[in-house]
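Below you'll find the structure, written out as structure tokens, and then a few comments.
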Amino acid sequence: MSLIERLNEDMKQAMKSQDKFRLSVIRMVRSSIKNAEIERQKPLDDSEVIDILQREVKQRKDSLQDFEKAGRSDLAADASKEIAILQEYLPQQLSEEEIVEIVKQTMQETGAATKADMGRLMGALMPKVKGRADLGDYKLQVFTGNRAAEAYLTGYMSPCACTSILAG
């Protein structure tokens, strides 16, 4: 079942169960998908739908931060619920350990050893993690000589996890 079909089925279920909040989130996503289809003048495949879902989650996360800064706990709670609903449709996210392993493996494959190799490393890394990790949250640095990468996951990865990359 494609993501669009799944969204349609879940929208019907939300209508039947009178879950107005879930229904409004699904309708919002379907609207974004429909706008993208109109813009591109073709139906979207699952990878394009995932891109839209990721964009919507990112928007909600940005809004969540703004609401928390403004002390609007009611709106922050709604944004959190929306994020949770949207993430149900995204692929299973990679764990820190899996991301570290993929970075190490990709560095070996590409031979990335300097900061000048960052573009090549990221180019090879993106298709491997697309939809399963947001590399926009990462700051990757390649250190000369030891062929290791240090990843900082903003707000999520501990310094201990960062140094584990260097151990390999």
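The values are calculated or read from the model by the stated rules, or taken from the named source; none is laboratory data. Every value quoted in this text rests on a predicted model; they were computed, and no experiment measured them. Heads up, the Cβs are rebuilt from the backbone with ideal geometry, glycines too, and the neighbour counts pull from every protein chain shown.
So which residues in region 18-28 are surrounded by 14 or more Cβ atoms within 10 Å (Cβ to Cβ) and not in a helix (DSSP H, G or I)? The one that is surrounded by 14 or more Cβ atoms within 10 Å (Cβ to Cβ) and not in a helix (DSSP H, G or I): ASP19. Is there a residue being under 28 Å from PRO127 (Cα atoms), in contact with a strand residue (DSSP E or B) (Cβ under 9 Å, 6 or more places away or on another chain) and either without any contact (Cβ under 8 Å) to a residue 60 or more places away in the chain or not assigned by TED's automatic domain parsing to the domain that holds LYS128 (or both) anywhere in region 100-111? Within region 100-111, one or more residues are under 28 Å from PRO127 (Cα atoms), in contact with a strand residue (DSSP E or B) (Cβ under 9 Å, 6 or more places away or on another chain) and either without any contact (Cβ under 8 Å) to a residue 60 or more places away in the chain or not assigned by TED's automatic domain parsing to the domain that holds LYS128 (or both).
Inspection of region 75-84 identifies at least one residue that is under 16 Å from the mean Cα position of the chain (by Cα), surrounded by fewer than 16 Cβ atoms within 10 Å (Cβ to Cβ), modelled with pLDDT under 95 and under 24 Å from LYS12 (Cβ atoms). When GLN13, GLN41 are screened for being more than 19 Å from ARG132 (Cα to Cα) and either surrounded by fewer than 12 Cβ atoms within 10 Å (Cβ to Cβ) or among the hydroxyl-bearing types (Ser, Thr, Tyr) (or both), only GLN41 passes.
Listed here are the residues, each with its yes/no results for (1) of a type outside the set (Lys, Arg); (2) modelled with pLDDT of 85 or more; (3) closer than 30 Å to MET28 by Cα; (4) buried (at least 16 other Cβ atoms within 10 Å of the Cβ).
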{"residue": "GLU97", "(1), (2), (3), (4)": "yes, no, no, no"}
{"residue": "VAL103", "(1), (2), (3), (4)": "yes, no, no, yes"}
{"residue": "ALA112", "(1), (2), (3), (4)": "yes, no, no, yes"}
{"residue": "MET126", "(1), (2), (3), (4)": "yes, no, yes, no"}
